[in-house]
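The values are calculated or read from the model by the stated rules, or taken from the named source; none is laboratory data. Owing to the predicted nature of the structure, the values given are computational and were not obtained by experimental measurement. Every residue, glycine among them, receives a Cβ derived from its backbone with ideal geometry; neighbour counts consider all protein chains shown. When the accessible area is computed, the model is the full protein with side chains, heavy atoms only, and any ligands, DNA or RNA have been set aside. Shrake-Rupley method; radii C 1.70, N 1.55, O 1.52, S 1.80 Å.
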Amino acid sequence: MRIEDDDFHPIEIEDKKVFDNIFAKYPIEHSENTFTTLYCWRHYGHYEVAVIDDCLIIKGSTEAYTSIRAPIGPKNKDVLDAVINLACSTPNQAPFLVLEPWQQEWIPQVRPDLEFHQDPDFSDYVYRSHNLATLEGKPYLMIRKQLNRFRKKCPSTVETISDDNFDDVKEFLIRWCQYRECDRYTILKHEKEALIEALDLFYELGLEGIAVRPHGEIGGIAIFEELNPRTAVVHYEKGLPDCEGIYKEINFQTAEVLKDRYEFINRESDMGIDGLRQAKERYHPHHRTELHYLDISSCPVR
């Protein structure tokens, strides 16, 4: 079997049905494989997709790299080998990515000749919903104190994101981007674009969200969806600095919404950002969903 670049097409909103059908049979655990992430970030990652023998194959390209992900679907060694060969025809240092735990278990069994490395910067943080919604015990003492301090200083209301407040949420995003100077930085410029895309296609993408209003004006939001039947994924958490501690409230209220529906909450990776890593570790993740990449030296094709 041979897979060519021509077998792929740029990701389109119509592809969501294909993703949904495959993920219903083969649930995913890593946030980077969600349709929402791929579609909303498509202008940054230039994502393309192909379905070969019922296997979903995802390819992405930025200015820095091109990579192809392990097929999602039935365990088909012929498809796997063809994807690896195509990935290794590129000169990149990490041409082939493995994100799903079942893939990380299966691929070394059928391809023991390949060497993989973990990338901790893009391994997701996964928490027990109950822990984030209760903040019980000594490990969460400092977070509880910060949350109580926020509530005393900035009394807030919490509401569901819906047609009724989309305009207010978009106005919040304008203020957030002004604060973060989105237009000065490439990644933030693309994140702004992804956020607006997510809001414009909120229902089509199957998204949910909350908005926190300190003193009556939206100061923070969270946008999330189902990742798999046991896990929700939080794609975006954004807050303004006007009220210190607002991220604690956003996190708590998100978990309050999700705790009775999902055992786990995936809060995505830290992207190698020290402050973000520390913030995510303070909440004591239950586990990490790892990303592994193929060592270019073990590629069968160069």
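What to note about this one:
- Between helix 246-258 and the chain: long-axis angle, C-alpha atoms, 0 to 90°, nearest 10: 70 degrees
- Equivalent-ellipsoid semi-axes for the stretch 192-302 (Cα gyration tensor, √(5λ), whole Å, largest first): 29, 18, 16.
- Quotient of C-alpha Rg and 2.2 N^0.38 Å, computed over the stretch 153-203: 1.28
- Max mean-square fluctuation residue, GNM over the chain, Cα-Cα springs under 10 Å, options Ser156, Ser123, Ser89: Ser89
- With K and R counted +1 and D and E -1, the other residues having a Cβ less than 12 Å from that of Glu136 yield a net charge of +3.
- Unit Cα scatterers, Debye sum, the stretch 243-283: log10 I(q)/I(0) for q = 0.14, 0.27 Å⁻¹: -0.38, -1.04
- Mean separation of Cα contacts under 8 Å, 6 or more apart, over the residue count of the chain: relative contact order %: 27 percent
- Ellipsoid fit via the Cα gyration tensor, the stretch 1-106: semi-axes of 18, 17, 13 Å, each the root of five times an eigenvalue, largest first.
- Label zone at Met271, where the point sits 7 Å out along the Cα-to-Cβ direction: the stretch 194-222 residues whose backbone N lies under 14 Å: 194-196
- Among the cysteines of the chain, Cys40, Cys55 have no other cysteine beta carbon within less than 4.7 Å of their own.
- Surface share of carbon and sulfur [accessible, 1.4 angstrom probe, percent] for the chain: 48 percent
- Relative to the longest principal axis of the Cα atoms of the chain, the long axis of helix 16-25 lies at roughly 80 degrees.
- Cα-based shape type of the stretch 28-88, given that a ≥ b ≥ c are square roots of the gyration tensor eigenvalues and the cut on a/c is 1.5: oblate
- With all pairs of different C-alpha atoms in the average, the Kirkwood value for the hydrodynamic radius of the chain is 20.4 Å.
- Summarised in one figure, the compactness ratio Rg/Rh of the stretch 103-200, Cα atoms and Kirkwood Rh, is 1.11.
- Helix 141-153 axis, angle to the chain major axis (alpha carbon atoms, nearest 10°): 50 degrees
- DSSP bridge analysis restricted to the stretch 167-302 gives an antiparallel fraction near 80%, rounded to the nearest 5.
- Rolling a 1.4 Å probe over the protein heavy atoms gives the chain an accessible area of 49 Å² per residue.
- Under the criterion of Cα pairs below 8 Å and six or more residues apart, the relative contact order for the stretch 147-302 equals 21 percent.
- 222 nm mean residue ellipticity, helices alone, for the chain (DSSP H n ≥ 4; -39,500 (n - 2.57); rounded to 500): -11000 deg cm²/dmol
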